[in-house]
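The values are calculated or read from the model by the stated rules, or taken from the named source; none is laboratory data. Remember, it's a predicted structure, so these values are computed and weren't measured experimentally. Counting neighbours? That spans all protein chains shown, and the Cβs are built from the backbone with ideal geometry, glycine included. What goes into the accessible areas is simple: the full protein's heavy atoms, side chains included, and nothing from ligands, DNA or RNA. Shrake-Rupley method; radii C 1.70, N 1.55, O 1.52, S 1.80 Å.
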Amino acid sequence: GMAEMSLTGSCLCGDVEYRIGGTQIALWHCHCRRCRKASGTGHASNLIVTPVDLAFTPGEEHIARYKLLADSLDSDPGVEAGGRLFKGSAVSWSCSDGNTPEYEEYAPRA
């Protein structure tokens, strides 16, 4: 089954920290243009979680909106990536380990 997890993370400056608990669904590296721009790099690592609990500890007063990316975690979630999405949109300098499945767009549904 799907694993229950509790993770912590923070923003770049450290003023905002968070704790999220929930059920892990998947981890994907997305190379689409939108994710590249949002992350400022060749791909975004997106951890998909069904949240049970989300708390900002401290720093909630600094938040106008939020998007929690796997890249903001403060520790390794212990999850293997399911694949690289939108590899057809990847920039030439983007990384690839050669072992992770790659999809031109979305992965096929199981």
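For region 1-51, which whole percent of the accessible surface, found with a 1.4 angstrom probe, sits on carbon and sulfur atoms? Don't skip to the answer; put the middle values down first.
Working: 1490 of 2820 Å².
Ligands and nucleic acids excluded, carbon and sulfur give 53 percent.
Would you mind counting up the charge near ASP53? Only other residues with Cβ under 15 Å from its Cβ, with Lys and Arg at +1 and Asp and Glu at -1. Mind dumping the intermediate values first?
Numbers: positive: ARG19; negative: GLU4, GLU17, GLU60.
So the environment of ASP53 carries a net charge of -2.
Over region 1-84, what lengths in whole Å, largest first, do the semi-axes of the equivalent ellipsoid take, defined as the square roots of 5 times the eigenvalues of the alpha-carbon gyration tensor?
Details: eigenvalues 82, 66, 20 Å².
In descending order the semi-axes read 20, 18, 10 Å.
How would you rank 49-56, 24-31, highest first, on the average number of other Cβ atoms within 10 Å across their residues? Before the final figure, lay out the partial values.
Details: 49-56: 12.9, 24-31: 19.9.
Ranked by mean Cβ neighbours within 10 Å, highest first: 24-31, 49-56.
For the chain, which cysteines have no second Cys with its Cβ under 4.7 Å from theirs?
CYS11, CYS13, CYS32, CYS95
So what are the ³J(HN,Hα) numbers for region 53-68, from phi and the Karplus equation (6.51, -1.76, 1.60; θ = phi - 60°), rounded to whole Hz, Gly and Pro as x?
Along region 53-68, the couplings run 7, 9, 9, 9, 9, x, x, 4, 5, 8, 9, 9, 7, 8, 9, 8 Hz.
What are the ³J(HN,Hα) couplings of region 93-110, residue after residue, when phi is run through the Karplus curve with 6.51, -1.76, 1.60 and θ = phi - 60°? Round to Hz, x for glycine and proline.
For region 93-110, the Karplus curve yields 8, 6, 7, 7, 8, x, 9, 8, x, 10, 10, 4, 9, 7, 6, x, 6, 6 Hz.
If you add up the charges near SER75, with Lys and Arg at +1 and Asp and Glu at -1, over every other residue whose beta carbon is less than 13 angstrom from its beta carbon, what do you get? Intermediate values should be presented prior to the final figure.
On the way: positive: ARG19; negative: GLU17, ASP71, ASP74, ASP76.
Result for the neighbourhood of SER75: -3.
Calculate the spin-label point distance for LYS37 paired with ALA55, positioning each point 7 Å from the Cα along the beta-carbon direction, and give it in nanometres.
Going from the ALA55 label point to the LYS37 one covers 3.6 nm.
Based only on Cα atoms, what mean projected area does the convex hull of region 55-100 have, in nm²? Let's see the in-between values first.
On the way: hull surface 21.7 nm².
With the hull built on Cα positions only, its mean projection is 5.4 nm².
How charged is the neighbourhood of THR100? Take every other residue with its Cβ under 12 Å from the Cβ of THR100, and add Lys/Arg as +1 and Asp/Glu as -1. Walk me through the numbers before you get to the answer.
On the way: positive: ARG84, LYS87; negative: GLU80, ASP97, GLU102.
Around THR100, the surrounding residues sum to -1.
What is the packing order of peptides 86-98, 57-69, taking the mean over residues of other C-beta atoms within 10 Å and listing the highest first? Don't skip to the end; give the middle numbers.
Numbers: 86-98: 12.8, 57-69: 10.6.
Final packing ranking: 86-98, 57-69.
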